[in-house]
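Below you'll find the structure, written out as structure tokens, and then a few comments.
The values are calculated or read from the model by the stated rules, or taken from the named source; none is laboratory data. This is a predicted model, so every value here is computed, not measured. Cβ atoms come from the backbone with ideal geometry, glycine included; neighbour counts cover every protein chain shown. Ligands, DNA and RNA are excluded from the accessible area calculation, which covers all protein heavy atoms including side chains. Shrake-Rupley method; radii C 1.70, N 1.55, O 1.52, S 1.80 Å.
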Amino acid sequence: MTENLSTIDSLPENAKQIWERVAEAARQSGRRPEDIQVLAVTKTVPWERVNLAVEQGFSVLGENRVQEFLDKSPHYPPGCPIHFIGRLQTNKVKYIAGKVAMIQSVDSLRLAKEIDRQAEKHGRVMDILIEVNIGREESKGGVLPEDLDDFLQAVSVMRHLHVRGLMAIPPQNAHSGAENEYFLQMRKLFVDIRSKKIDNIDMDYLSMGMSGDFESAILCGANMVRIGSALFGGRK
Ligand SMILES: *Cc1c(COP(=O)(O)O)cnc(C)c1O
């Protein structure tokens, strides 16, 4: 079954092209290809195809939906870190707190407190990214840039959380390449916060860029990109 899939599937070719494009954008921005962490975003993709992507080197997976994650993840190869990247309801944190390596979509103190509480139950510290609503879009989650300082201060005292960076899903109607204003604003926030050296807050990851704009994101400073449709094909 898997063999069939891989011969008829464009996934291996897609994967190859993505690695080449990531490497080129990394070089253009003065970094090495391995400095860029690439997540395979698996929403709506059957686990068999996710496993094909893992074979092509996409060993870190991004999941959007709690139920889908719980159904599929037992079938993934052991040892693939999974990042939760979707909207997360507070009452569902308990289902994933023992299972994911990182939660990228933390955008309210209520959610942060619940992750802290559940992480404590599991005897762990959860790596999180703070999602920033850089385009100030009502339809999207995320902390507004002007609220970020207060937010980080509040999270820095939660002992079972470790802030590792920022995440954003900017508007599509932006300039391309190294000129994307939203990616550049994110980069500035990232650098500014890093220079403040807040206790328990590390700016290791700047997670931005998806299938349509990952090269631009890398050129603007992203070191983590989240790719779905360019790898797996379009979603219904
Ligand atoms: C779906 C999704 C992606 C990937 O989107 P593509 O355009 O398919 O690459 C990245 N990040 C988040 C948060 C998503 O929900």
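Sort all Cα-Cα distances of region 113-180 into consecutive 10 angstrom bins from zero, then give the percent of pairs in each bin up to the one containing the longest distance. Distribution as computed: 19, 40, 28, 11, 2 percent. Centroid-to-centroid, using Cα positions, region 21-46 and region 154-211 are 17 Å apart.
Among H160, H75, H83, the largest mean-square fluctuation in a Gaussian network model of the chain (Cα springs under 10 Å) belongs to H75. Between S105 and L129, the built amide H atoms are under 5 Å apart, and every one of these is 5 or more places off in sequence or on another chain. Build a GNM of the chain with springs between Cα atoms under 10 Å apart, and of S108, S139, S156 the one that fluctuates most is S139.
Tell me, what is the per residue accessible area of the chain in Å², probe radius 1.4 Å?
Numbers: 11340 Å² over 236 residues.
Normalised by residue count, the accessible surface of the chain is 48 Å².
With a 1.4 Å probe and all protein chains left in place, how much of the accessible area of the chain comes from carbon and sulfur atoms, in whole percent?
Carbon-and-sulfur percentage of accessible area, whole number: 48.
How big is the chain by the Kirkwood estimate over distinct Cα pairs, in Å? Could the numbers behind the result be given before it?
Values: mean 1/r = 0.0552 Å⁻¹.
Computed over Cα pairs of the chain, the Kirkwood hydrodynamic radius comes out at 18.1 Å.
Convex hull volume of the C-alpha atoms in region 167-236, normalised per residue: 93 Å³.
Quickly work out the R159-to-W47 label distance, labels modelled 7 Å from Cα along the C-beta direction, and quote it in nm with one decimal. Reported label-point gap for W47 and R159 is 3.6 nm.
Using just the helices of the chain, give the 222 nm mean residue ellipticity in deg cm²/dmol: DSSP H runs with n ≥ 4 each add -39,500 (n - 2.57), and the total is spread over all residues, rounded to 500.
Working: 10 runs with 93 residues, N = 236.
So the helix-based figure for the chain works out to -11500 deg cm²/dmol.
Over all other residues within a Cβ to Cβ distance under 11 Å of R164, the charged ones net out to -3, with Lys and Arg as +1 and Asp and Glu as -1. Pick out, in residue order, every one of the GluC sites (Glu not before Pro) in region 123-165 that is DSSP loop and has at most 16 other C-beta atoms within 10 Å; say none if there are none. For GluC sites (Glu not before Pro) across region 123-165 that sit outside H, G, I, E and B with at most 16 neighbouring Cβ atoms in 10 Å, the list reads E137, E138. Can you tell me, using C-alpha contacts under 8 Å and at least 6 residues apart, the relative contact order of the chain as a whole percent? Relative contact order here is 20 percent. So which lysines can K236 reach, going by Cα to Cα under 28 Å and dropping same-chain residues fewer than 8 places off? Counting by Cα, and skipping residues close in sequence, K236 has these lysines nearby: K16, K43, K72, K92, K99, K140.
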